[in-house]
Structures are given as C-alpha cells and as structure tokens.
Amino acid sequence: MTALLEVAGLVREYALPRRHPFARAPHLRVLHGVDLTVPERGSLGIVGESGSGKSTLARAVLALERPQAGRVALRGRDLFALRAAELRAARRDIQPVFQDPYGSLDPRHSIGRIVAEPIAALEPRTGGGERRERVAAMLHAVGLSPAAADKFPHEFSGGQRQRIAIARALVTRPALIVADEPVSALDVSVQAQVLGLMLDLQAEFGLAWLFISHDLAVVRVITARVAVLYRGRVVEEGPTGAVFDAPRHPYTAALIAAVPRVGQQRRSAVSANGASANDAPVPAEGCAYAPRCAFAAPRCRTERPTLGPAAERRTACHLPL
C-alpha cells in the first residue's frame, strides 16, 4: 500500500534543569531513532507503558515539536523542511484528537465555533455560509444534530464531547488523524460507541489513523497494525492480532501478561521482573530492556538489537520468543 506517513530516525530530547548555574544542562532522550509507516486509509496503533514516549511521538508527528534528528514525511513531504505557509497548508491533511474531551474544548465557545476552528486557521478565505454547512455536515457524520452548533460544551456528556472533537478533526477532510488516548477518559460502554464511530468514519472518509493508547483491547479493535514502544524505541511491529496473539519480544509478552483477565490466578511467567520502565536503569550499551528481561543473555547487555527493515513482522530482540 502507498505510504501516507513515514517517520524515519526520529530523535527527540528535552533539556533538564541544571544542577547549578554554571553546569551544562543535561538532556533526556525520549525518542531513539523511531521508524514508522502508516499507509493510505490504514491504521497503526502505538502501545507502551507510561513514559515510553507515545505522546512525544504524537506531538512530533503533528509537527508541534521539532525533533533533534529524523524525518516526518506526509505524502513524501518532510513537515520540518516546509516553510510556515506550506506547513499550514499541510496541516489540513493531518489533524489531532486529544485525550481529554473536557479540556480540549473551550467552554467559552459554541460548538459551531469550536468545530470551525481548523477552517478559520487553515482555510481563512472560506465564507461563513460554507463554514456553517461543513460544520453541520461533520456534526451529522459523528451522530450529533446540526442544532448542536449553537450549544456549549457543558451541555454535552463526555462521549458527546469526544464526538465533537472528532468532528473538529474531520472538518478539513484530513487524510490522517492522530488520536492520543482518545477514549481513555470515557466509560467502557461509551468507549465502544466511539470506537465504532471511528471505524465507520474511516470507511466513509477514507481516513488513516495513528492511534496511541495504553489499552491493548482498544488497539486490537481499532487498528490493523501495531508498534510496541519501549523507552522511546520500537521493539516490535506487525499485524495487531498476530502481535497480541503471539508476541515475539519479551516486553510485548509482559505487556499482554499484565492485562487483567477474569478468573486469572496469577500473572504469566513472562514478566518484567517487577520493575517499571521509569525505575529500571538505562544501559549505556546493549538492549534497553535487558535490565528487566527474564531471558536476557550476555549479548543483550553489550549489543543493541535493531528492528530491521520494513516487513510483515519486525522484532528488535536477539532472542525472540
């Protein structure tokens, strides 16, 4: 399939506070050479525990933060090589849906104004009549009455607010939507409704999704492929069902084993040695997961595994399961 989004060698660092006024500022590297591809009309899930770099990746893909190295290309055009006017035009093709349906909608503005914001920012020459028509069409597409345009966010439930956020993302008819934990703040029953809506919208509008979540069950429903992120590195990638049913990387297996199941007496023997990603030390050499891995060999502590070229399944592990 034709690549819509290509992420290559993405590196993102943040400066940390100086220990004293004359010290050099230390840096924390959050993304370590991430490579990803999302095809036209496709869907890719990004999973990993807190601190793995999922939201940082989302901000870089949306060109909200500039990486120290690497490339984010939308339909072959590197977003960070574009001039300001070119980037503004490119943003019509890539829109976000954020996690919090309460914090992402300005309570002072009407729903019509909120949904029309991308048009006002990215297509300022669009007339008022056309804006209203497009807003009404998008509200209808997400299952809300066009009359909702005259109301305010406090008049809607959390699930309805997230539908409004999706309508706002759709109003410029983007090719790609980056959804960062879009249903984690919703009740389970409402999650199912919103996920069903997202699948319907993908079919109706030919959308591609970059779907970021810590919830593996949600990712299984909504995405065709999944990439597993550990401390800013993709450690496994492949078809979602295949990766979740038969993980090859010990970290992926540990993530799946950590999901509670009805009647489960104990966790799987495949574990992360009880440490969280933020507690485990970062080795200067070798595999980043080696300090937590129950299967680590001496080679894992001295030689960093690579993910390899694009393929149906990719695993950055010297001793895949």
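Numerical summary
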{"item": "All positions within segment 148-172 that are within 12 Å of residue 102 (Cα to Cα), open to solvent by 30 Å² or more (accessible area, probe 1.4 Å) and in a loop (DSSP other than H, G, I, E, B)", "result": "152, 157"}
{"item": "Selection count, segment 111-120, where residues are farther than 11 Å from residue 136 by Cα, aliphatic (A, V, I, L, M) and in contact (Cβ under 8 Å) with a residue 12 or more places away in the chain", "result": "2"}
{"item": "Leading residue by the ranking (modelled with the lowest pLDDT) among those in segment 247-262 that are of a type outside the set (Val, Ile, Thr) and part of a loop (DSSP other than H, G, I, E, B)", "result": "261"}
{"item": "Tabulated pairs, segment 166-181, first in contact (Cβ under 8 Å) with a residue 40 or more places away in the chain and of a type in the set (D, E, K, R), second open to solvent by less than 10 Å² (accessible area, probe 1.4 Å) and part of a strand (DSSP E or B), C-beta under 6 angstrom, 6+ apart or interchain", "result": "180/212"}
{"item": "Check on residue 218, farther than 20 Å from residue 291 by Cβ and at pLDDT below 95", "result": "yes"}
{"item": "Failed condition for residue 145, given (1) surrounded by 13 or more Cβ atoms within 10 Å (Cβ to Cβ); (2) free of Cβ contacts under 8 Å to residues at least 24 places away in the same chain", "result": "(1)"}
{"item": "Criterion: open to solvent by 70 Å² or more (accessible area, probe 1.4 Å) and at pLDDT below 95 - qualifying residue of 113, 88", "result": "88"}
{"item": "Residues that are assigned to a helix (DSSP H, G or I) and closer than 16 Å to residue 92 by Cα, drawn from segment 115-144", "result": "115, 116, 117, 118, 119, 120, 121, 122, 131, 134, 135, 138"}
{"item": "Members of segment 66-76 that are surrounded by fewer than 15 Cβ atoms within 10 Å (Cβ to Cβ) and of a type outside the set (S, T, N, Q)", "result": "66, 69, 76"}
{"item": "Residue 83 vs. criteria without any contact (Cβ under 8 Å) to a residue 24 or more places away in the chain, among the charged types (D, E, K, R) and in contact with an Asp or Glu (Cβ under 8 Å, 6 or more places away or on another chain)", "result": "no"}
{"item": "Matching residues in segment 173-200 - criterion: being in a loop (DSSP other than H, G, I, E, B), at pLDDT below 95 and either open to solvent by less than 60 Å² (accessible area, probe 1.4 Å) or polar (S, T, N, Q) (or both)", "result": "181, 182, 183, 184, 185, 186"}
{"item": "Breaking point among (1) in contact (Cβ under 8 Å) with a residue 24 or more places away in the chain; (2) open to solvent by 10 Å² or more (accessible area, probe 1.4 Å); (3) not small (Gly, Ala, Ser), for residue 251", "result": "(2)"}
{"item": "Residue that is of a type in the set (Gly, Ala, Ser), more than 30 Å from residue 203 (Cβ to Cβ), modelled with pLDDT under 70 and surrounded by 21 or more Cβ atoms within 10 Å (Cβ to Cβ), where the choices are 272, 288, 280", "result": "272"}
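Condition check ((1) among the polar types (S, T, N, Q); (2) open to solvent by 40 Å² or more (accessible area, probe 1.4 Å); (3) within 21 Å of residue 169 (Cβ to Cβ); (4) touching a helix residue (DSSP H, G or I) at 6+ places or on another chain (Cβ under 7 Å)) across all residues:
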| residue | (1), (2), (3), (4) |
| --- | --- |
| 59 | no, yes, yes, no |
| 83 | no, yes, no, no |
| 102 | no, yes, yes, yes |
| 105 | no, no, yes, yes |
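The values are calculated or read from the model by the stated rules, or taken from the named source; none is laboratory data. In this text the structure is predicted, and so the values were computed from the model without any measurement. Every residue, glycine as well, gets a Cβ built from its backbone with ideal geometry; the counts of neighbours run over all protein chains shown. When the accessible area is computed, the model is the full protein with side chains, heavy atoms only, and any ligands, DNA or RNA have been set aside. Shrake-Rupley method; radii C 1.70, N 1.55, O 1.52, S 1.80 Å.
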